[in-house]
Amino acid sequence: MLAVLYRQDEVFHILHKSPAKYSILAEVDSKSNSILHIAAMLEPSARPNKAPGAALLMQREIQWFKEVENVVHPSTLERTNKNDQTPRQLFIESHKELMKEREKWMKEIANSCTVVAALIVTIMFVAAITVLGGNQQESGLPMFLNVKVFMLFIISDALSLLSASISLLMFLGFTSSSYKAEDFLYSLPKKMMIGISTLIISIATMMITFCASLFIILKGKSVIIPVIGLASVPVTLFAWMQLRLLINMIMLTYGSRIVDREEKYEV
């Protein structure tokens, strides 16, 4: 039970592989808590290094509960302890404060990214409808239509506008989410991953659009090289700040399971 309480993946995996796994899964403590009740309790140490990021801790907790829920006998799901609580009721009670904190954290991140995404959408939309260099008087076609870099400008502008729009929609979804315990397992992390990824893409393509326009206007001038170099700084900084969180979310959501999928309880 301690392996479950302290979220020791490897120890629990070894115990679950042992011949005595069914007797281990059927154990109860002095307060009539089953192993699923133990999984429903908040990890005492709550070590951040196991799941970096505020929302990831809640995701890790619900992941553990779901994994143990899959391997215990079905009758354990509704078994009550001495406090007359089922495992699910105990999970909601013990994680109430954590859920509130993680909801607040995710909303703050979403609100900040929503502002950035909305600004990019506005800027790139204006850039799309305002033709760089104007139009030719006779044909009405863009002045730089035959310049190869102009196509890069158009494509990167469109990609930036599209990815920023997707990011904006993902982050707006956080305002209407119910923030139930199950939402922290897949729904909210997926929205966060898509939102951050597309926001990074939109910033990168926005900088490419900016560099392409500079190349067209300042073609042949030496000042273009340092300016383009400086343009990569915002993308690098944002990616550096968000990349670790994004990678850990992906690993925790799609990484290896605590218990193999085929190792569910056999009645």
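The values are calculated or read from the model by the stated rules, or taken from the named source; none is laboratory data. The structure displayed is predicted, hence computed values, not measured ones. All Cβ positions, even for glycine, are placed from backbone atoms using ideal geometry, and neighbour counts span all protein chains on display.
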Only one of these is acidic (Asp, Glu) and modelled with pLDDT of 90 or more: GLU101, GLU97, GLU78. Name it.
GLU78
Within the range 31-53, is even one residue surrounded by fewer than 19 Cβ atoms within 10 Å (Cβ to Cβ), more than 32 Å from the chain's Cα centre (by Cα) and more than 24 Å from MET249 (Cβ to Cβ)?
yes
May I ask you to list the residues in the range 171-202 that are aliphatic (A, V, I, L, M), more than 25 Å from GLU69 (Cα to Cα) and in contact with a Ser or Thr (Cβ under 7 Å, 6 or more places away or on another chain)?
LEU172, LEU199, ILE201
Taking the criterion of being hydrophobic (A, V, I, L, M, F, W, C), within 30 Å of LEU98 (Cα to Cα) and assigned to a helix (DSSP H, G or I), would at least one residue in the range 201-210 satisfy it?
no
Here is a check on your reading of the model: is VAL233 over 22 Å from GLU108 (Cβ atoms), touching a residue at least 12 places away in the same chain (Cβ under 8 Å) and either surrounded by fewer than 17 Cβ atoms within 10 Å (Cβ to Cβ) or among the aliphatic types (A, V, I, L, M) (or both)?
no
Name the residue, out of ILE35, ILE92, that is at negative phi and in contact (Cβ under 8 Å) with a residue 60 or more places away in the chain.
ILE92
Looking only at the range 120-132, how many residues end up being surrounded by fewer than 18 Cβ atoms within 10 Å (Cβ to Cβ) and farther than 13 Å from LEU162 by Cα?
4
Criterion (within 15 Å of the chain's Cα centre (by Cα), at pLDDT below 90 and of a type in the set (A, V, I, L, M, F, W, C)) met by exactly one of LEU145, LEU185, LEU168, LEU199
LEU185
Pairs please, first residue from the range 67-88 and within 22 Å of LEU185 (Cα to Cα), second anywhere and among the acidic types (Asp, Glu) and surrounded by 12 or more Cβ atoms within 10 Å (Cβ to Cβ), Cβ atoms under 7 Å, 6+ apart in sequence or on different chains.
VAL71/GLU263; LEU77/GLU69
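Residues are listed down the side, and each one gets a yes or a no for (1) of a type in the set (A, V, I, L, M, F, W, C); (2) closer than 19 Å to TYR179 by Cβ:
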{"residue": "LEU2", "(1), (2)": "yes, no"}
{"residue": "ARG7", "(1), (2)": "no, no"}
{"residue": "SER34", "(1), (2)": "no, no"}
{"residue": "GLN89", "(1), (2)": "no, yes"}
{"residue": "GLU101", "(1), (2)": "no, yes"}
{"residue": "LYS104", "(1), (2)": "no, yes"}
{"residue": "GLU108", "(1), (2)": "no, yes"}
Meets criteria (at pLDDT 90 or above, in a helix (DSSP H, G or I) and hydrophobic (A, V, I, L, M, F, W, C)) for LEU56:
no
Filtered residues of the range 1-15 (kept if among the charged types (D, E, K, R) and part of a helix (DSSP H, G or I)):
ASP9, GLU10
